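Reading through the structure tokens given below for one structure.
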Amino acid sequence: MDFTLTDEQSMLRDAVRSYLAGRYPLVESRSAARSEAGWQPAVWEAFASDLGILAATLPESVGGLGGGPEEMMVIAEELGRALVVEPYTGTVVVGAALLRGSGGPAADAVLSAVAAGDARIAVALTEPESGREPWDVQATAVRDGDDYVLSGAKIVVADLPLATHLIVVARTTGDRLDREGLSLFLVEFDPQAPPGGADARYFRTIDDHHTGDLVLTDVRVPAAALLGAEGRAWELVERALDDGAAAVCSEAVGIMRRVLEDTVEYTRNRRQFGVPIGSFQALQHRMVDMALEVEQSVAAAYLAVLNLDAEPRVRRRAVSAAKITIARAARFVGQNAVQLHGGMGLTEELAIGHCFKRLTVIETEFGSATDHLRRYAEAVGG
């Protein structure tokens, strides 16, 4: 495997980092995240028009730039470093993966809108009783003439308050735990005026991202809302979830790099007993351990990203291994950074506390370490 970025990928990284360093200050971005809007539309527009990162990994046929998983990794890492809350992973990674895999005019139209910055996607998958099985879906889609009727409850739908489109995973055939019989439906969505029969409740998570719960009661959508083949969505969903897991692993790497840099700098400047605390050998050892965890996470994220297009068992092993590694590292690096900062580590003024909260959420996002340990064992033994 070649872990070296190409010249183009290095230029992409530098462009995103430079833009965010100058136009995404911590105080303003946290204020926007905690506002009623929950994000900065002007930043999202700049991602499309100035940086082109919304189009970078999309097919050229829909106005994209034809990049792949490596470009996604570069972008996600820099977004993580800056603690960006705009809905990149949900829209450009997970949502776009489902649309690309499904194909068809409707999917292509939304992908074109994503590339232009005009569409944001929320994927409604998880349900109140799903437990640890993402294919545990009870929401139903029943064909009724020229329509489908959607009913069911979805919880913690990432980016729901920001979405222009929903992709709803619903069961068209089969029993609750069957992986066959799941279908995807594309639904236009206005957070301020959800479609008839839809009840949405929005909330902000501890890492300042916005999400929501959704109840669908006999929501009618045209048959054209069906994405791909009826009842054959699980393979697309699983691949999209792996793409999302790889993206948040890359995001976590960016956050942990920043946490380590900030911690080293803080210990150089913070003085105790007349000397910088960074001169204390015990604290140096702790920061070395943090650095080792970061480097292991970098390798694990590369492993996941470079195997996203591999055959399913190889992909599952790589993604699950990365998620397990980064869940452990995120906790270790985050907790030690807070401890080394002392009381300052959890203040609003420094980035460390915000990084710690985001790393805590990433530990369980797209599956916890326990979930991925089980999946890894299945992939190795199966």
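The values are calculated or read from the model by the stated rules, or taken from the named source; none is laboratory data. These numbers were taken from a predicted model, which means no experiment stands behind them. Cβ sites come from the backbone with ideal geometry, for glycine too, and all protein chains shown count toward neighbours. Side chains included, ligands, DNA and RNA excluded: accessible areas come from the protein's heavy atoms. Shrake-Rupley method; radii C 1.70, N 1.55, O 1.52, S 1.80 Å.
How about the stretch 80-129: which of its residues are out of contact with any strand residue (DSSP E or B) (no Cβ under 7 Å at 6 or more places or on another chain), of a type outside the set (Lys, Arg) and closer than 18 Å to ILE362 by Cβ?
Matches in the stretch 80-129: GLY80, ALA82, LEU83, VAL84, VAL85, GLU86, PRO87, TYR88, THR89, VAL92, VAL93.
Would the stretch 216-227 turn up any residue that is under 20 Å from the mean Cα position of the chain (by Cα), touching a residue at least 24 places away in the same chain (Cβ under 8 Å) and open to solvent by 20 Å² or more (accessible area, probe 1.4 Å)? So that I can check it myself, show each step before the final result.
Step one: of the stretch 216-227, the residues under 20 Å from the mean Cα position of the chain (by Cα) are none.
No: the stretch 216-227 contains no residue that is under 20 Å from the mean Cα position of the chain (by Cα), touching a residue at least 24 places away in the same chain (Cβ under 8 Å) and open to solvent by 20 Å² or more (accessible area, probe 1.4 Å).
Step by step: first the residues of the stretch 321-338, then only those that are free of Cβ contacts under 8 Å to residues at least 40 places away in the same chain and among the polar types (S, T, N, Q), then the one that is surrounded by the fewest Cβ atoms within 10 Å (Cβ to Cβ). Which residue is that?
Step one: filter the stretch 321-338 for residues free of Cβ contacts under 8 Å to residues at least 40 places away in the same chain, giving 325, 331, 335, 338.
If we keep only those that are among the polar types (S, T, N, Q) too, we end up with 325, 335.
Details: THR325: 23, GLN335: 15.
Among them, the one singled out is GLN335.
Does the stretch 249-289 hold any residues that are aromatic (Phe, Trp, Tyr) and touching a Leu at 6+ places or on another chain (Cβ under 9 Å), and which are they?
Within the stretch 249-289, just TYR266 meets the criteria.
Open to solvent by 20 Å² or more (accessible area, probe 1.4 Å), assigned to a helix (DSSP H, G or I) and touching an Asp or Glu at 6+ places or on another chain (Cβ under 8 Å): which single residue out of SER61, SER112, SER49 fits that description? Show your work before the answer.
On the way: SER112 fails: touching an Asp or Glu at 6+ places or on another chain (Cβ under 8 Å); SER49 fails: touching an Asp or Glu at 6+ places or on another chain (Cβ under 8 Å).
SER61 is the lone residue from the list that is open to solvent by 20 Å² or more (accessible area, probe 1.4 Å), assigned to a helix (DSSP H, G or I) and touching an Asp or Glu at 6+ places or on another chain (Cβ under 8 Å).
Within the set of pairs 6+ apart or on separate chains, which have a first residue in the stretch 65-77 that is in contact (Cβ under 8 Å) with a residue 24 or more places away in the chain, a second that is of a type in the set (D, E, K, R), and C-beta atoms under 6 Å apart?
Cβ pairs passing all conditions: VAL74/ARG13; ALA76/GLU251.
If I filter the stretch 308-317 for residues that are part of a loop (DSSP other than H, G, I, E, B), under 23 Å from VAL93 (Cβ atoms), open to solvent by less than 60 Å² (accessible area, probe 1.4 Å) and of a type in the set (A, V, I, L, M), do I get at least one hit?
Just the residues of the stretch 308-317 that are part of a loop (DSSP other than H, G, I, E, B), to begin with: 308-311.
Imposing the further condition that a residue be under 23 Å from VAL93 (Cβ atoms) reduces the set to 308-311.
After this cut, where a residue has to be open to solvent by less than 60 Å² (accessible area, probe 1.4 Å) as well, the list is 308, 310.
Applying the additional criterion that residues be of a type in the set (A, V, I, L, M) yields 308, 310.
Yes, the stretch 308-317 contains a residue that is part of a loop (DSSP other than H, G, I, E, B), under 23 Å from VAL93 (Cβ atoms), open to solvent by less than 60 Å² (accessible area, probe 1.4 Å) and of a type in the set (A, V, I, L, M).
Please state which of the following conditions LEU283 fails to meet, knowing it meets all the rest: (1) in contact (Cβ under 8 Å) with a residue 60 or more places away in the chain; (2) open to solvent by less than 70 Å² (accessible area, probe 1.4 Å).
Failing condition for LEU283: (1).
If I ask for residues that are in contact with a helix residue (DSSP H, G or I) (Cβ under 6 Å, 6 or more places away or on another chain), farther than 13 Å from LEU166 by Cβ and modelled with pLDDT of 95 or more, which ones from the stretch 117-134 would you list?
Residue satisfying the conditions is GLY117 alone.
Is there a residue in the stretch 86-108 that is assigned to a loop (DSSP other than H, G, I, E, B), among the small types (Gly, Ala, Ser) and within 26 Å of THR205 (Cβ to Cβ)?
Filtering the stretch 86-108 for residues assigned to a loop (DSSP other than H, G, I, E, B) gives 86-87, 103-104.
Narrowing further to those that are among the small types (Gly, Ala, Ser): 103-104.
Filter once more, so that each one left must be within 26 Å of THR205 (Cβ to Cβ): none.
For the stretch 86-108, residues assigned to a loop (DSSP other than H, G, I, E, B), among the small types (Gly, Ala, Ser) and within 26 Å of THR205 (Cβ to Cβ): absent.
Are any of the residues in the stretch 159-176 open to solvent by 40 Å² or more (accessible area, probe 1.4 Å) and either within 28 Å of VAL85 (Cα to Cα) or of a type in the set (A, V, I, L, M) (or both)?
Filtering the stretch 159-176 down to residues open to solvent by 40 Å² or more (accessible area, probe 1.4 Å) leaves 173-176.
The next check asks that each one be either within 28 Å of VAL85 (Cα to Cα) or of a type in the set (A, V, I, L, M) (or both); those that pass are none.
No, the stretch 159-176 contains no residue that is open to solvent by 40 Å² or more (accessible area, probe 1.4 Å) and either within 28 Å of VAL85 (Cα to Cα) or of a type in the set (A, V, I, L, M) (or both).
Listed residues ARG34, ARG30; which is at pLDDT below 95 and either open to solvent by less than 40 Å² (accessible area, probe 1.4 Å) or small (Gly, Ala, Ser) (or both)? Full working, then the answer.
Details: ARG34 fails: either open to solvent by less than 40 Å² (accessible area, probe 1.4 Å) or small (Gly, Ala, Ser) (or both).
One residue alone meets the criteria, ARG30.
Table: residues versus (1) charged (D, E, K, R); (2) in a helix (DSSP H, G or I); (3) more than 22 Å from the chain's Cα centre (by Cα).
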| position | (1), (2), (3) |
| --- | --- |
| VAL237 | no, yes, no |
| ASP243 | yes, yes, no |
| VAL253 | no, yes, no |
| ARG258 | yes, yes, no |
| VAL264 | no, yes, yes |
| ARG268 | yes, yes, yes |
